[in-house]
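Trainee: My questions all concern the structure below.
The values are calculated or read from the model by the stated rules, or taken from the named source; none is laboratory data. All values derive from a computational prediction rather than experimental measurement. Note: ideal-geometry Cβ built from the backbone for every residue, glycine included; neighbour counts use all protein chains shown.
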6 protein chains.
Amino acid sequence: MTIKYGPIEDREASPAVRAVFDDIKRTRKVDDVNNFWKYLANHPPTLQRTWESLKEVMAPGALDPLTKELVYLAVSVSNGCQYCTASHGAAAKRLGMTEEMFGELVAVVGMANETNRLANGYRVPIDAAFEQ
Amino acid sequence: MTIKYGPIEDREASPAVRAVFDDIKRTRKVDDVNNFWKYLANHPPTLQRTWESLKEVMAPGALDPLTKELVYLAVSVSNGCQYCTASHGAAAKRLGMTEEMFGELVAVVGMANETNRLANGYRVPIDAAFEQ
Amino acid sequence: MTIKYGPIEDREASPAVRAVFDDIKRTRKVDDVNNFWKYLANHPPTLQRTWESLKEVMAPGALDPLTKELVYLAVSVSNGCQYCTASHGAAAKRLGMTEEMFGELVAVVGMANETNRLANGYRVPIDAAFEQ
Amino acid sequence: MTIKYGPIEDREASPAVRAVFDDIKRTRKVDDVNNFWKYLANHPPTLQRTWESLKEVMAPGALDPLTKELVYLAVSVSNGCQYCTASHGAAAKRLGMTEEMFGELVAVVGMANETNRLANGYRVPIDAAFEQ
Amino acid sequence: MTIKYGPIEDREASPAVRAVFDDIKRTRKVDDVNNFWKYLANHPPTLQRTWESLKEVMAPGALDPLTKELVYLAVSVSNGCQYCTASHGAAAKRLGMTEEMFGELVAVVGMANETNRLANGYRVPIDAAFEQ
Amino acid sequence: MTIKYGPIEDREASPAVRAVFDDIKRTRKVDDVNNFWKYLANHPPTLQRTWESLKEVMAPGALDPLTKELVYLAVSVSNGCQYCTASHGAAAKRLGMTEEMFGELVAVVGMANETNRLANGYRVPIDAAFEQ
């Protein structure tokens with residue numbers, strides 16, 4: 001049998017895990033945490049570190065939260081992570097992403113993946129102007 | 001010997017290729033095109049189709065041009081395309097990306113690549129709430 | 001209709017395929033082979049070559065079998081191959097991987113994928129000290 | 001200091017390594033082997049296994065050698081492996097790939113990488129017709 | 001709730017979308033379009049541009065349509081896109097790909113992904129002969 | 001001009017950055033930090049968060065530090081990150097990785113990337129035994 005975890009629900013959670021779950025719920029204003037957090041809870045240090053990192057990285061800054069979430073979604077689509085595409089699509093939608101924005105974002109992700117390979121195929125050297 | 005192209009410079013370009021180069025220079029308000037275009041010019045249909053597609057995909061829409069360029073840069077960093085990271089970093093900078101924005105963007109790309117793998121490892125099932 | 005194979009079961013297998021199945025079962029001390037082998041059996045040369053290669057590559061050496069299996073699992077998680085993550089998780093568990101080890105391994109895979117992109121984004125040059 | 005190998009040249013090679021080098025030169029009708037083989041020679045079991053596998057996989061079959069080399073090149077471009085793009089470009093050229101064929105191949109690789117991400121973004125379900 | 005599109009069926013399609021569907025059906029001689037097109041139809045500009053690009057890129061040229069489809073399939077397998085592997089496997093089969101050809105193609109894709117990493121691990125420098 | 005950072009050397013570093021540099025040097029028993037840290041220092045929050053995360057993730061645990069470093073190196077080779085392959089090769093060597101161990105590790109990474117694609121190509125379903 002493989003290592004196949006089940007989700008850790010709130011009621012089964014250790015105090016340390018429940019503290020993280022509570023902070024997620026408070027920060028995101030939701031009643032329950034995503035499966036991602038329930039599964040990560042199988043390894044509490046990873047749950048804690050990931051949540052703390054995400055809070056820091058996704059906070060409003062020079063980039064606003066919606067832009068950050070759009071970037072996160074774009075990378076998830078690019079990497080083909082189905083879970084992440086679904087969950088970050090939800091997050092972006094909650095922050096204001098419309099269907100038209102999503103359509104344009106997916107189009108950009110597609111083009112970027114195309115031109116990355118064109119650059120690979122022709123082994124294009126970096127322009128001197130970019131090294132300044 | 002491999003297939004190793006050199007760049008097609010303006011003066012060597014066929015009329016069809018020069019027409020594309022001129023449109024790029026006009027649209028981007030630059031005096032010369034990037035190496036990417038000079039190398040793509042070895043296959044004129046690809047040069048033409050790629051430029052037309054990029055004009056359409058990167059035009060202002062529900063997402064503004066800077067946001068689109070940030071997404072393009074994020075995918076390029078995620079894919080490890082050095083050329084694309086350099087050229088789209090330049091493009092984003094011209095459109096208003098600051099060093100702080102870049103630092104935050106790279107941090108998001110890093111986190112997304114990390115959590116994508118955490119989701120893979122725990123084989124997290126997609127929440128029912130995301131299927132609505 | 002696409003090319004969609006079904007699994008080749010023992011009883012339907014040609015002698016050459018059954019010989020490979022038997023060797024897998026003998027080597028791994030199992031009663032039946034994984035779906036991976038049953039599907040590869042649709043192309044007997046690939047089945048044979050893959051099994052022979054795996055026996056060689058995964059044999060005890062300077063790295064012990066558990067370490068090799070952990071590396072295999074890490075790459076599978078990194079690449080997002082669901083089948084491989086499940087099957088190599090099972091293999092690693094049989095060789096002694098505990099849940100804590102798995103949690104730590106997934107954390108390392110996540111971090112490596114994160115810092116790979118940070119290195120991409122900042123286009124970090126290789127230190128001279130590494131070229132010695 | 002990192003692990004940084006140098007190439008193993010013919011004259012420094014062990015008899016086992018030289019035997020592989022000779023077979024490569026004989027099979028490919030060349031005077032010297034590529035850097036790939038010289039560097040793999042640092043781990044003779046890998047050198048031997050890789051060469052034997054390649055001979056088997058790339059032999060004429062239902063697919064002819066040029067088609068197989070085009071596929072190999074396409075994957076190398078797709079993965080962004082600069083060495084592999086250069087060396088398999090050379091191999092494909094020797095087998096008859098023209099510049100026009102290369103241009104068309106790179107265009108296909110680009111499109112495939114684009115539409116793969118479009119399918120990811122819209123999480124397109126597999127048509128029933130494909131499961132027959 | 002995430003952004004989760006449903007397929008746009010012919011009868012619900014706008015005139016612009018239906019025009020693309022009709023062209024696909026006419027060109028491919030089929031009665032209905034794949035799910036890929038039905039989902040892309042949620043963003044009509046992307047549907048249109050993708051179909052026009054594919055027609056151009058996959059047309060007979062220096063490479064024949066079957067070879068182009070084999071390359072497309074190889075990249076899809078390499079990238080792990082399940083949808084694309086299924087749909088391009090179907091397309092290749094319609095153009096003449098046999099089970100033996102498919103088995104050989106998958107074997108090449110596997111080998112290419114293996115040797116790409118060997119080249120990475122040993123950081124093999126590009127041979128001077130490839131720069132000519 | 002693109003966003004192209006230079007390394008932040010110790011003497012130019014802000015107190016916060018120097019504190020991280022000092023901790024790296026103390027923890028790793030080195031006189032200077034890698035280029036990776038010098039370039040990350042352009043975005044001090046990322047420098048700090050990455051170092052703290054790495055300390056936690058790479059600490060001795062159920063997996064010993066060498067095993068963790070081998071996994072990190074394997075992922076770096078798999079992803080084709082040249083910088084990371086060089087730097088983590090150095091780190092693993094310092095912790096006891098021999099040339100033979102490295103050769104075996106690269107072989108495993110290659111095989112895993114090969115069989116991941118074979119599993120993709122045949123769309124192998126996950127065995128029921130793995131879901132227990």
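Trainee: Among the residues of region B:45-82 satisfying the criterion of being touching a Lys or Arg at 6+ places or on another chain (Cβ under 9 Å) and in contact (Cβ under 8 Å) with a residue 24 or more places away in the chain, which is farthest from the other protein chains (Cβ to nearest Cβ)?
Mentor: B:E69
Trainee: Checking the condition surrounded by 23 or more Cβ atoms within 10 Å (Cβ to Cβ) and without any contact (Cβ under 8 Å) to a residue 60 or more places away in the chain, which residue from F:L105, F:L95 passes?
Mentor: So the residue among F:L105, F:L95 that is surrounded by 23 or more Cβ atoms within 10 Å (Cβ to Cβ) and without any contact (Cβ under 8 Å) to a residue 60 or more places away in the chain is F:L105.
Trainee: Which residue, of D:A129, D:A86, is within 22 Å of the chain's Cα centre (by Cα), of a type in the set (A, V, I, L, M) and either under 29 Å from A:C81 (Cβ atoms) or part of a helix (DSSP H, G or I) (or both)?
Mentor: Just a single option satisfies the conditions, and that option is D:A86.
Trainee: Going residue by residue through region C:91-107, is there one that turns out to be within 23 Å of E:S76 (Cβ to Cβ), out of contact with any Pro (no Cβ under 8 Å at 6 or more places or on another chain) and either of a type in the set (D, E, K, R) or part of a helix (DSSP H, G or I) (or both)?
Mentor: No, region C:91-107 contains no residue that is within 23 Å of E:S76 (Cβ to Cβ), out of contact with any Pro (no Cβ under 8 Å at 6 or more places or on another chain) and either of a type in the set (D, E, K, R) or part of a helix (DSSP H, G or I) (or both).
Trainee: Only residues that are within 19 Å of C:M101 (Cα to Cα) and surrounded by fewer than 14 Cβ atoms within 10 Å (Cβ to Cβ): list them for region A:1-26, please.
Mentor: Passing the criteria: A:M1, A:G6.
Trainee: In region D:86-107, what count of residues is obtained for those that are more than 8 Å from chain B (Cβ to nearest Cβ) and touching a helix residue (DSSP H, G or I) at 6+ places or on another chain (Cβ under 7 Å)?
Mentor: Residues that pass the stated criteria total 5.
Trainee: Are any residues in region B:108-126 within 25 Å of C:P125 (Cβ to Cβ) and either within 12 Å of chain F (Cβ to nearest Cβ) or in a loop (DSSP other than H, G, I, E, B) (or both), and if so, which ones?
Mentor: Of everything in region B:108-126, those that are within 25 Å of C:P125 (Cβ to Cβ) and either within 12 Å of chain F (Cβ to nearest Cβ) or in a loop (DSSP other than H, G, I, E, B) (or both) turn out to be B:V108, B:V109, B:G110, B:M111, B:N113, B:E114.
Trainee: Additional query: Could you give every pair whose Cβ atoms fall below 6 Å, whose first residue belongs to region F:12-24 and is under 16 Å from F:R49 (Cβ atoms), and whose second residue is assigned to a loop (DSSP other than H, G, I, E, B) and aliphatic (A, V, I, L, M), counting only separations of at least 6 or pairs across chains?
Mentor: Qualifying pairs under 6 Å: F:V17/F:A41; F:F21/F:V33; F:I24/F:V33.
Trainee: Within region C:27-44, restricting attention to residues that are surrounded by 16 or more Cβ atoms within 10 Å (Cβ to Cβ) and part of a loop (DSSP other than H, G, I, E, B), which residue is nearest to the other protein chains (Cβ to nearest Cβ)?
Mentor: Within region C:27-44, the match that is nearest to the other protein chains (Cβ to nearest Cβ) is C:H43.
Trainee: What are the residues in region F:1-26 that are in a helix (DSSP H, G or I) and not hydrophobic (A, V, I, L, M, F, W, C), if any?
Mentor: Hits for region F:1-26 are F:D10, F:R11, F:E12, F:P15, F:R18, F:D22, F:D23, F:K25, F:R26.
Trainee: Among the residues that make up region F:65-75, is at least one of them under 30 Å from C:E99 (Cα atoms), at pLDDT 95 or above, surrounded by 20 or more Cβ atoms within 10 Å (Cβ to Cβ) and in contact with a Gly (Cβ under 7 Å, 6 or more places away or on another chain)?
Mentor: Scanning region F:65-75, I find at least one residue that is under 30 Å from C:E99 (Cα atoms), at pLDDT 95 or above, surrounded by 20 or more Cβ atoms within 10 Å (Cβ to Cβ) and in contact with a Gly (Cβ under 7 Å, 6 or more places away or on another chain), so the answer is yes.
Trainee: Restricting attention to region C:5-37, which residues are of a type in the set (D, E, K, R), out of contact with any Phe, Trp or Tyr (no Cβ under 7 Å at 6 or more places or on another chain) and more than 21 Å from C:E69 (Cβ to Cβ)?
Mentor: Selection gives C:E9, C:R11, C:E12, C:R18, C:D22.
Trainee: Another question about this same structure. State all residues of region A:1-26 that are within 14 Å of chain C (Cβ to nearest Cβ), at pLDDT 95 or above and closer than 30 Å to C:N34 by Cα; if no residue qualifies, say none.
Mentor: Scanning region A:1-26 gives a single hit, A:I8.
Trainee: Still on this structure, please answer the following. Looking at D:L95, is it within 13 Å of the chain's Cα centre (by Cα) and on the phi < 0 side of the Ramachandran plot?
Mentor: Criteria not met by D:L95.
Trainee: Please determine, by comparing only the residues of region A:45-64 that are part of a loop (DSSP other than H, G, I, E, B) and touching a helix residue (DSSP H, G or I) at 6+ places or on another chain (Cβ under 9 Å), which one is nearest to C:N113 (Cα to Cα).
Mentor: A:M58
Trainee: While we're looking at this one, here's another question. The conditions are (1) at pLDDT 95 or above; (2) more than 17 Å from E:L54 (Cβ to Cβ), and D:A128 fails exactly one of them. Which is it?
Mentor: (1)
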